[in-house]
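Student: Structure provided below as structure tokens; questions to follow.
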Amino acid sequence: MIDAHHFRAFALHLGFSADGQEVSDVLHKSYGENGEVIRIDFSKQSIDYPKLHGFKVNRADTCNFSSSENAVVLECVHRLLEKGYKPQHIELEPEWKLGHGGKSGRADILVRDQQGAALLIIECKTAGREFDKAWKDTLEDGAQLISYVEQEKATQFICLYASEFDAKAGQVKTSQRIISVKDNPQILLDQPKAQSFKEATNAKERFKAWKDTYRQEFTEVGIFEGNIQPYQIGKSKYTFADDTRPLAATDIKGKYHDFRVILRKHNVSRRENAFEVLVNLFVCKIVDEMEHPDDLRFYWKGIAYDNYYDLVDRLQALYKTGIHTPLSSHDHIPNRPTV
């Protein structure tokens, strides 16, 4: 949790600085070619976003230290601006009116594309329990995230986002669940009776499309990574250098649990079958990293850029290569497992 006590250290970590003073009540950071500035005033406990450059703030209580969630919003906006999103395309706490003056909920961040249409809606939560609960609610009925799309139907992606500052380690840890709410034509072609996002008339039908047609597909990358361009959300290409990392001992228990959940979900109950599936996937992954390091085939690219049949075709091709080519014949075999 990023609280008021750690706010200065948090801001300094993000690259905020004072005007030539070691200690100052005001820290600031410039972004972009036009020098858009965010200022943090510690005497007033306020955050001043670049409204003169078109950045829109709908509620003043978003711009203070009163809530740890406001720090998450600040960190997320900081990353958006650093990535190259323009301030005039970012809006905090948009409010939508329904019917005869009624109000819907408020999203934390709305990002528009270069033409001004809604592109991405981000709901920010503090890391841990609040984030986990929000994601659980989303899986159950769509919760806030899906309902926001009903107000901005042009929206292509929604994201549940959390961050926390580890003052001792001096690093910010983030979590994100990115959902594509635009249709995949190939999947709809294969399932002509399936509920689509385009034909959904309310939040309930939109959730049905995500749950039944797209199997509650989400990704954890696709907005802020180094090889992602601004306004181009999602990853259509994965590389060994950018998208893999060594599997640490602390990761093993979590991956083991995830794999067991997948096996139960798909009724793979016998240990022999489970072991065979796991080994076959290992073969595919090793072959992929050796044969296609600059364009990995093993990864599911997300519902916006991939389909199930193409993924199976890629895995079968990798497996075929693996069983016909001795791994020892390759010059480079990864000496540590990666994720």
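Derivation of every value follows stated rules applied to the coordinates shown; laboratory data play no part. Predicted model only: the values in this text are computed from it and were never measured. Here the Cβ positions follow ideal geometry from the backbone for every residue, glycine too, while neighbour counts run over all protein chains shown.
Student: How far, in degrees from 0 to 90, does helix 308-324 lean away from the longest principal axis of the Cα atoms of the chain, to the nearest 10?
Tutor: Once rounded, the angle reads 50 degrees.
Student: Subtracting the Cα-Cα distance from 0.36 nm times the residue separation, let me have the gained length for R260 to K56 in nm, one decimal.
Tutor: Full-extension gain reported as 68.9 nm.
Student: What order, most packed first, do the peptides 204-210, 24-30 have when packing is the mean number of other Cβ atoms within 10 Å of each residue?
Tutor: Those peptides, ordered most packed to least, come out 204-210, 24-30.
Student: Within 10 Å, count the other beta carbons around each residue, average over each peptide in 69-75, 272-278, and list them highest first.
Tutor: Packing proxy ranking, top to bottom: 69-75, 272-278.
Student: Something else now. Multiply the residue gap between D25 and A9 by 0.36 nm, knock off their C-alpha separation, and tell me the result in nm, one decimal place.
Tutor: 4.5 nm
Student: So how tilted is helix 129-141 from the main axis of the chain? Cα-based, degrees 0 to 90, rounded to 10.
Tutor: Relative to the chain, helix 129-141 is tipped by roughly 60 degrees.
Student: Angle between the Cα long axis of helix 68-83 and the longest principal axis of the chain, 0 to 90 degrees, nearest 10?
Tutor: With rounding to tens, the tilt is 70 degrees.
Student: Work out Dmax and Rg for region 51-213 from the C-alpha atoms and quote the Rg first, both in angstrom.
Tutor: For region 51-213, the Cα radius of gyration and maximum Cα-Cα distance read 16.6, 54 Å.
Student: Of [x] 0.96; [y] 1.54; [z] 1.11, which is the value of Cα Rg over 2.2 N^0.38 Å derived from the coordinates here?
Tutor: Identified label for the calculated read-out: [z].
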